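Some notes on the structure that comes next.
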Amino acid sequence: MSESVDLVQAPHAKILIAIATYNEIENLPGLVETIFRTVPRVDILVVDDHSPDGTGRWVLEASQSQARLHAMIRTDQRGLGTAVMAALKYAIEHDYDYVVNMDADFSHPVEAINKMIECCQEFHHDVVIGSRYGSGGRIVGWSLKRRFMSWGINTFARWAFGLPTRDNSGAFRCYSVEMLRKIDFDKIVSRGYSFFEEVLYRLKQLNARMYEVPITFTDRTKGKSKINKKETFTALWILTTFGLGFRK
């Protein structure tokens, strides 16, 4: 067993994998199986926004026989940002040491989880980003247009929030729950995709130590992306208002 796996399996480390879902029944069962096979002692929390395709129902049923799988089915609100925020609060309330957030569509490499947690544990980073844009990071399956848009948003976020990191919009991250406890979540205004940039800004205000681990991001092969023009415009507007000093 590698050193990183030993660190992740250390008895004192209580680790949560958080996955926000909406219509991911084609991907989620396989992803859950892969996570438990790769990092078997973690817990998994699925925050589902009442998916009509049965994703939430599958999680509820599977959790009956798998003690480390937990379901949070939301019927009163929607939005990726609020779903991830709910997961981070869950990690705080249930006294986890680290929480790893990731997408449900296999775009984030499960094998990188060990390295990300190791960076938090051994090197005392407060947030470790699975980075597409750091040295050694790659993107597979995106069009040139999508690559340019993503690069532009991440570059803009560095300016708007004064962030030292290159991949600021990616959802694949490991957080120290001790640091998350210091965030005033009531101040967070983002409800959609801009949450990922804003939470880094809130952590930067707390002098959090940030680090990026290069990953190969692979575009989904099953299901549909949830991002749309409205979400993109809203995210850019929120970033702009921060950059211009209208928000703190």
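Observations on the model:
- Positions within the range 44-55 being closer than 17 Å to Pro29 by Cβ and of a type in the set (D, E, K, R), in sequence order: Asp48, Asp53
- Taking the listed residues Val46, Val8, Val32, the one that is open to solvent by less than 60 Å² (accessible area, probe 1.4 Å), modelled with pLDDT of 95 or more and under 14 Å from Val99 (Cα atoms) is Val46, with no other qualifying.
- Contacts under 6 angstrom Cβ, first residue in the range 109-123 being of a type in the set (Val, Ile, Thr), partner in a helix (DSSP H, G or I), 6 or more apart: Val110/Thr34; Val110/Ile35; Val110/Thr38; Ile117/Val8
- Residue list for the range 192-222, restricted to those being within 29 Å of Glu26 (Cα to Cα), among the charged types (D, E, K, R) and more than 14 Å from the chain's Cα centre (by Cα): Asp219, Arg220, Lys222
- Every residue from the range 196-233 that is touching a Ser or Thr at 6+ places or on another chain (Cβ under 7 Å), at pLDDT below 95 and more than 22 Å from Thr55 (Cβ to Cβ): Glu197, Glu198
- Evaluation of Leu16 against (1) at pLDDT 90 or above; (2) open to solvent by 40 Å² or more (accessible area, probe 1.4 Å); (3) not small (Gly, Ala, Ser) (one fails), failing number: (2)
- Top-ranked residue in the range 78-99 [being touching a Leu at 6+ places or on another chain (Cβ under 7 Å) and among the β-branched types (Val, Ile, Thr); ranked as surrounded by the fewest Cβ atoms within 10 Å (Cβ to Cβ)]: Ile92
- Yes/no for Gly192 being assigned to a loop (DSSP other than H, G, I, E, B) and closer than 24 Å to Ala71 by Cα: yes
- Scanning the range 157-194 for residues that are open to solvent by 60 Å² or more (accessible area, probe 1.4 Å) and farther than 21 Å from Asp49 by Cβ yields Arg158, Trp159, Pro164, Arg166, Glu178, Arg181, Lys182, Asp184, Asp186, Lys187.
- Segments classed as helices (runs of 4 or more DSSP H), wholly inside the range 50-133, with at least 3 members that are touching a Ser or Thr at 6+ places or on another chain (Cβ under 7 Å) and not hydroxyl-bearing (Ser, Thr, Tyr): 113-123
- The range 146-186: number of residues that are in contact (Cβ under 8 Å) with a residue 40 or more places away in the chain, farther than 23 Å from Leu16 by Cβ and assigned to a helix (DSSP H, G or I): 7
- Every condition in (1) polar (S, T, N, Q); (2) modelled with pLDDT of 95 or more; (3) open to solvent by 80 Å² or more (accessible area, probe 1.4 Å) is met by Thr75 except one, and the failing one is (2).
- Residues in the range 136-153 that are polar (S, T, N, Q) and under 20 Å from the mean Cα position of the chain (by Cα): Ser150 only.
The values are calculated or read from the model by the stated rules, or taken from the named source; none is laboratory data. In this text, all values refer to a predicted model and were calculated from it rather than measured experimentally. For neighbour counting, all protein chains shown are included, and Cβ atoms are generated from backbone atoms with ideal geometry for every residue, glycine included. All accessible areas refer to the heavy atoms of the entire protein, side chains included, with ligands and DNA or RNA removed. Shrake-Rupley method; radii C 1.70, N 1.55, O 1.52, S 1.80 Å.
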